[in-house]
2 protein chains.
Amino acid sequence: MPFELTILGSSSALPTSDRYPTAQVLNVLGRFFLIDCGEGTQIQIRRNKIGFSKIKHIFISHLHGDHYFGLIGLISTLNLLGLKNDIHIYSPSELINLIQPQLDFIKGEMQFKLIFHPLNFKKPQQIYTDKKIEVFSFPVKHSIPTCGFLFKEIGKQPNIKKELIQEFDIPIAKIKEIKAGADFVTTEGKIISNTILTTPPPIPRSYAFCTDTAFHKPTAEFIKNVDLLYHEATFTEEMKDWAKKTRHSTAADAAKMAKLANTKKLIIGHFSARYKNVAPLIEEAKAIFEETVAAVDGKTYKVKSRPAEKAVN
Amino acid sequence: MPFELTILGSSSALPTSDRYPTAQVLNVLGRFFLIDCGEGTQIQIRRNKIGFSKIKHIFISHLHGDHYFGLIGLISTLNLLGLKNDIHIYSPSELINLIQPQLDFIKGEMQFKLIFHPLNFKKPQQIYTDKKIEVFSFPVKHSIPTCGFLFKEIGKQPNIKKELIQEFDIPIAKIKEIKAGADFVTTEGKIISNTILTTPPPIPRSYAFCTDTAFHKPTAEFIKNVDLLYHEATFTEEMKDWAKKTRHSTAADAAKMAKLANTKKLIIGHFSARYKNVAPLIEEAKAIFEETVAAVDGKTYKVKSRPAEKAVN
């Protein structure tokens, strides 16, 4: 039951020899969500052996080129591969205008639709849901309208202990009620408590994506307790004035957010090309939030299922 | 005195794990000409340590995405780097419309101009010249209007043998005439033949770029005797019907063109993603034209200076 993030690109505006511009894929139980789509994303998708046919939902945080210049190439490739799944794109509404002339050039041949869902930059919003997962956008603080994204597994119902179904002769008709929290009354009138009958489900897993953004306190409340947080750390504190001016974060900012939001693990990324070695960024973040790693293009970060009794609240 | 071609991308429409879409840089005596600009070109420019500030002339053969989707990312990066050199773009005239909305998004900040030069799809045309090099476009045969490009060094004047200047006491005023082909008359009235006084200059070097195109006989006449030819070889002969339908070439077509045009060396490229191994393509071409190699991304192919006496006509 995977819940795992693969980094396709972790550079900031200027790609480097070993970092592509922003793009990542979150695999939640076989659903593949592409988050941002910088130039070269389709090449990274191929290199990381992610099936193109699995990409049906694309989330674009904002309209700086390093977050969407790879979209037209990806769409073109999906078309050349003859794929037929409609593609949902969650993005600033202007995106369509930016790529329309290029789309017009290929649109006649396309066997799938592009369905655009405009983001709301005023307040958090649920933008996608199915039986297993909910996705929310939430405004962050950048030089142009930008959203972060929160992916949350929908909690499972408790499991009924099989041996007790037999022992108390529980009819199938009652199982749904017990899963929803009801106690069971035996034919002899004995009440069997729900807590005896069931084992709690694992804690729903969650992931939050925050780039590009300055440190933005309201984000902490919205992403509270996420298992995994990707937060930009474009600069170190030495450049904090420049970070502030350009509405980016330092590594310390990212770590403060991870701490404030009580996240389990932080991945920092969106590194300025000036850092050939990201050790100073990781060191700065770890001093504040120990469970920090630096994003590596092509690496997959798994979020493990945690049993309820070990829950950290 | 370099005249060398670096392949940045040699895939066809679908990039693969080890081949980017079409892009290459020709370095002629320190002038860097970028030919086509598929997605990821800026990443390949960086990886191959080509200075961004050297790119002032960009040639776009046609408007299929795998030949220009990297252009907006490259322009954006040149802007972020604060470069100020104007960029000349030789392309189908519609290109500007395709990238205009994205340009509008960044244009306010740009410190350089983009100067568009529309290509002529009816006949060959000189599109650039300076003291050392001429560049021509010529129409090829593809599913949409497409041009090839021919880069030719401008021939140098002969060198005067220094020891003879002294021996015959040739005044400086006469040197220009002798370089232009005149004989020299000594003060005693003795005529010294120009062939005695001078050594012929090296043969001007040349390079032709032909992709995307089906085999197109008129091309051979136009690129006659080029030192180096890059010709697409999207398929093997097994796929020749499909090649014909899509207006692409087989490896045999590319080799036939190299032979017909009396080129010195052929690089085949623009390989369909179906060929994990390009050995069958290279084998097919070599059976017709021995001096063939398969393009490798990141590899540089040098054209050496050849003394006139070894000229092959």
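Every number in this text was worked out from the coordinates using simple rules, so none of it is lab data. The structure presented is a predicted model; accordingly, all values stated were derived computationally and were not measured. Glycine also receives a Cβ, built like all others from the backbone with ideal geometry; neighbour counts cover every protein chain displayed.
Side notes on the structure shown:
- Inter-copy spacing of A:Asn120 label points, which lie 7 Å from Cα along Cα→Cβ, given in nm from shortest upward: 5.8
- Two-decimal log10 I(q)/I(0) for the protein assembly as shown, as the Debye equation yields it once each C-alpha is a single scatterer, q = 0.06, 0.12 Å⁻¹: -0.43, -1.17
- With Cα atoms, 0 to 90° folded angle of helix B:251-260 axis to chain B main axis: 20
- Cα-based helix-to-principal-axis angle, A:71-80 vs chain A, degrees rounded to 10: 70
- Area projected by the alpha carbon convex hull of chain A, averaged over all directions, nm²: 18.5
- 3J(HN,Hα) from dihedral phi, region B:171-179, Karplus parametrisation 6.51/-1.76/1.60, rounded to Hz, x for glycine, proline: x, 4, 4, 8, 4, 4, 5, 5, 4
- The mean count of C-beta atoms from other chains within 10 Å of the C-beta of residues in B:88-97, rounded to a whole number, is 1.
- Approximate spin-label separation B:Ala182-B:Val296, in nm, with each point projected 7 Å along Cα-to-Cβ: 5.2
- Here the 3J(HN,Hα) profile of region B:12-29, calculated from phi with Karplus coefficients 6.51, -1.76 and 1.60 at θ = phi - 60°, is 8, 3, 9, x, 10, 5, 10, 9, 7, x, 4, 5, 7, 10, 9, 9, 10, 6 Hz, Gly and Pro shown as x.
- Viscosity 0.692 mPa s, 37 °C: Kirkwood-radius Stokes-Einstein D of region A:159-198 over Cα pairs, µm²/s: 333
- For B:Asn159, nonlocal amide neighbours, meaning residues 5 or more places apart or on other chains whose placed amide H falls under 5 Å from its own, are B:Thr199.
- Distances in nm from A:Ile144 to the matching label points in the other copies, shortest first (labels 7 Å along Cα to Cβ): 2.4
- Surrounding net charge for A:Ala255, when Lys and Arg each add one and Asp and Glu each subtract one, Cβ distance under 13 Å: -3
- ³J(HN,Hα) computed for each position of region B:180-186 - Karplus, 6.51 cos²θ - 1.76 cosθ + 1.60, integer Hz, glycine/proline x: 7, x, 6, 7, 10, 10, 6
- Residues A:Leu29 and B:Lys245, FRET efficiency given R0 of 45 Å [Cβ-Cβ distance, rounded to 0.05]: 0.60
- Chain A versus the axis that turns it onto chain B: the residue with the nearest Cβ and the distance in whole Å amount to A:Gly40, 2.
- For region B:159-198, the relative contact order comes to 40 percent (Cα pairs under 8 Å, sequence separation of at least 6).
- Whole-number percent relative contact order across chain A, with pairs defined as alpha carbons under 8 Å at least 6 apart: 17
- For region B:101-189, the relative contact order works out to 16 percent when only alpha carbon pairs closer than 8 Å and six or more residues apart are counted.
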